[in-house]
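**Q** Dropping the structure in here first, questions after.
The values are calculated or read from the model by the stated rules, or taken from the named source; none is laboratory data. What you see is a predicted model, and the numbers here were worked out from it, not measured in a lab. Quick reminder, even Gly has a Cβ in these numbers, built from the backbone with ideal geometry, and neighbours come from all protein chains shown. Note: accessible area is taken over every heavy atom of the protein model, side chains too, but ligands, DNA and RNA are not part of it. Shrake-Rupley method; radii C 1.70, N 1.55, O 1.52, S 1.80 Å.
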Amino acid sequence: MEYYLSELGKKGFRFEQARDFTETMRKLCGWKWEVDRTLRSWADRVIRDPFFYDDKQGYDHHWKLKPGEPSYQLPEDFLQFACYIAVAHVKYGANYDQLTANEIFSFVTALGSDLPQKLKKQGSGDLPAEIQEYKDDTVSCKANDVFATIKISLKEETEEAYRKVLDYLCRLLGTGFPRSYTLDFRSPEKNWLPIKGLPKKGVHQLFANAVRWPALHKSMERYARLAMAEDEWYNNLEDEHCAMPGTFAVFALGIEDENFHELVCDYLKMCDGEHQSLQGEFVLAYVQKYGFTEKGLELYELCDENMQHLPKKLIALRAKK
């Protein structure tokens, strides 16, 4: 692929050709280690290095435009391909690849292009129109696959409204939407799960509200199983509140109904215990509600195997048994 892009640059670079060839290589080779590094190298060589210098501050890069007028202007096709590379990092890469995407977007913007701004408003164009934006009298949903954002608002608290939201989320995740994303939710009522230590954010509110209707539980489980993925995160939750997508749906179902035990077990086996700790608070709340039953003990052991530090109160409860 490196050879192909180099030769294409000599013959007359065309965005469509570069994109189509890259997509073929991605499907054949996968994204990680092969395609992503080659594309990042191309962006550094063609977009960054000729026009920017690193005014490094400590360990952080701080890229600035080189002083004076550049000796040449980059054709639009190069800038389009750079934006394609940034979008691909969001769609196919891990959570931290969004930093690479944002850096490439900043280079393109600094070079005078409005392409990143258009993508921010309109998305990549790959999402079906009815998925990119859905709206009726009670529900409003909008997704941007470039910046991995989902915005949902409700005017009324009804079972049907939450059914529409859950169906929308499942259809969206089925399109290849980025696995790490920001989910912003707003509705008239703010309910929270009976689990201490959870962040009071919209994504928490969504599933704490929806779980009130038993008829929606299977839809919540479907969303959770579509959303759960290793090394992926809700982007608007950080530090001690970081959480794998699907977290609040799993917690809501797990604390509400023991019949979702298998889902909770699958979640605890998958989530990153080195960087996430909210699962410890869930298991503590579960044990306080149901006790150290056979299921409760299994959840405790799974959590203990996959976490650096269990909540002290949970350890104390176990010691008493």
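**Q** Where a ≥ b ≥ c are the square roots of the eigenvalues of the C-alpha gyration tensor, would you call region 1-127 rounded, which needs a/c under 1.5, or, failing that, prolate if a/b is larger than b/c, or oblate?
**A** Here region 1-127 falls in the rounded category.
**Q** How much FRET efficiency would the formula 1/(1 + (r/R0)^6) give for Lys200 and Ala319, where r is the Cβ-Cβ distance and R0 is 35 Å, rounded to 0.05?
**A** That gives a FRET efficiency of 0.70.
**Q** When only the heavy atoms of the protein chains count and the probe is 1.4 Å, how do Tyr162, Tyr3 rank by accessible area, highest first?
**A** Accessible-area ranking of Tyr162, Tyr3, largest first: Tyr3, Tyr162.
**Q** Over the chain, what is the mean sequence separation of C-alpha contacts under 8 Å (at least six apart), divided by residue count, expressed as relative contact order in percent?
**A** Once divided by the residue count of the chain, the mean separation gives 10 percent.
**Q** Rounding to the nearest 20 debye, state how big the charge dipole of region 14-129 is about its Cα centre with +1 on each Lys and Arg Cβ and -1 on each Asp and Glu Cβ.
**A** 200 debye
**Q** Please build a GNM for the chain, connecting alpha carbons under 10 Å apart, and tell me which residue among Gly112, Gly291, Gly174 fluctuates the most.
**A** Gly112
**Q** Accessible area, 1.4 Å probe, largest first: how do Arg40, Arg19 sort?
**A** Arg19, Arg40
**Q** Using a Gaussian network model of the chain whose springs link C-alpha atoms within less than 10 Å, name the residue from Lys196, Lys11, Lys295 with the highest mean-square fluctuation.
**A** Its mean-square fluctuation being the largest, the pick is Lys11.
**Q** Stretch Glu23-Glu133 to full length: gain in nm at 0.36 nm per residue minus the Cα-Cα span?
**A** Taking Glu23 through Glu133 to full extension adds about 37.0 nm, to one decimal.
**Q** Moving to a separate point now. Determine the gain in length on full extension of the stretch Lys10-Thr158; use 0.36 nm per residue of separation and subtract their C-alpha separation, reporting nm with one decimal.
**A** Here the answer is 47.3 nm.
**Q** Rounded to the nearest 5, what is the percent of antiparallel bridges among the DSSP beta bridges in the chain?
**A** If we restrict to bridges inside the chain, about 70 percent are antiparallel.
**Q** Need one number: the % of Cα-Cα pairs in the chain sitting beyond the 33 Å mark.
**A** Of all Cα-Cα pairs in the chain, 37 percent lie more than 33 Å apart.
**Q** Also: Is the shape of region 229-303 best called rounded, prolate or oblate, per the rule: a/c under 1.5 gives rounded, else a/b larger than b/c gives prolate, else oblate, with a ≥ b ≥ c the square roots of the Cα gyration tensor eigenvalues?
**A** Since a/c reaches 1.5 and a/b is larger than b/c, the shape of region 229-303 is classed as prolate.
**Q** Among Leu115, Leu299, Leu172, determine the one that fluctuates most according to a GNM of the chain built with springs between C-alpha atoms less than 10 Å apart.
**A** Leu115
**Q** Treating only the Cβ of Lys, Arg, Asp and Glu as charged (+1, +1, -1, -1), what charge dipole size does the chain show about its Cα centre? Round to the nearest 20 debye.
**A** Once rounded to the nearest 20, the dipole reads 360 debye.
**Q** Can you check what the net charge comes to around Phe52, using other residues whose Cβ is under 11 Å from the Cβ of Phe52 (Lys, Arg +1; Asp, Glu -1)?
**A** Taking every Cβ under 11 Å from that of Phe52, the sum is -2.
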